[in-house]
Amino acid sequence: MHELQLLKEVVKQVEQQCRTRPGTNLSLIRLEIDSHSHLASHTAEELQATFHFAAQGTPVDSADLDIHVRVSTGTCQSCDAVFDRAPETYGCPHCFSGNIVWEDHPELIITDIEFVESAP
């Protein structure tokens with residue numbers, strides 16, 4: 001379960017942010033997933049459930065995830081076509097070459113963490 005390991009890393013990073021924000025509660029974590037990542041093949045519900053499993057017993061488990069999939073763009077080295085990568089894209093949709101250079105993005109990025117003030 002590669003997704004569990006990735007989401008455990010998210011929990012670890014967000015926990016560090018929680019320690020710097022006393023008097024607040026974590027409410028939302030925004031994630032950006034690259035379309036080439038296998039994470040993009042999972043539903044938001046599956047990722048939310050895996051996240052809560054990874055966050056169980058931590059201050060992070062109360063947060064919701066807001067997940068955005070960023071579409072990767074590739075350039076065919078054979079015909080110079082530029083195209084977006086769909087989950088089923090294995091080669092150039094124009095000349096069918098497999099010689100593609102994809103944009104280099106991390107598989108997963110935490111783009112925002114939202115906190116709310118704790119009630120006194």
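Using a 7 Å offset from the Cα along the Cα-to-Cβ direction at both LYS12 and ASP84, what is the distance between the two label points in nm, to one decimal?
About 3.3 nm separates the two model spin labels.
Between TRP102 and ASP64, what FRET efficiency follows from the Cβ-Cβ distance if R0 is 30 Å, with the result rounded to 0.05? Mind dumping the intermediate values first?
Details: r = 30 Å, r/R0 = 1.00.
E(calc), rounded to 0.05, equals 0.50.
From the helices alone, meaning DSSP H stretches of at least four residues, give me the mean residue ellipticity at 222 nm for the chain, per-run term -39500 (n - 2.57), in deg cm²/dmol to the nearest 500.
On the way: 2 runs with 30 residues, N = 120.
Computed mean residue ellipticity for the chain: -8000 deg cm²/dmol.
Report the extension gain between GLU46 and ILE110 in nm, rounded to one decimal, defined as 0.36 nm multiplied by the number of residues separating them, less their alpha carbon distance. Don't skip to the answer; put the middle values down first.
Values: separation 64, 0.36 × 64 = 23.04 nm, distance 1.78 nm.
Contour length minus Cα-Cα distance gives 21.3 nm.
Tally Lys and Arg at +1 and Asp and Glu at -1 over the other residues with C-beta under 12 Å from the C-beta of LEU28: what net charge comes out?
Working: positive: ARG30; negative: ASP64, ASP66, ASP112, GLU114.
Once positives and negatives cancel, what remains is -3.
Give me the extension gain from GLN56 to THR24: residue separation times 0.36 nm, minus the current Cα-Cα distance, reported in nm with one decimal. Write down the numbers at each step before the final one.
Details: separation 32, 0.36 × 32 = 11.52 nm, distance 1.88 nm.
Length gained between GLN56 and THR24: 9.6 nm.
Taking the chain as a whole, which cysteines find no other cysteine Cβ under 4.7 angstrom from their Cβ?
CYS18
A short reminder: the numbers here are calculations on the coordinates, not readings from a lab. The model shown is predicted, which means the values in this text are computed figures rather than measured ones. So basically every Cβ, Gly included, is an ideal-geometry build from the backbone, and we count neighbours across all protein chains shown.
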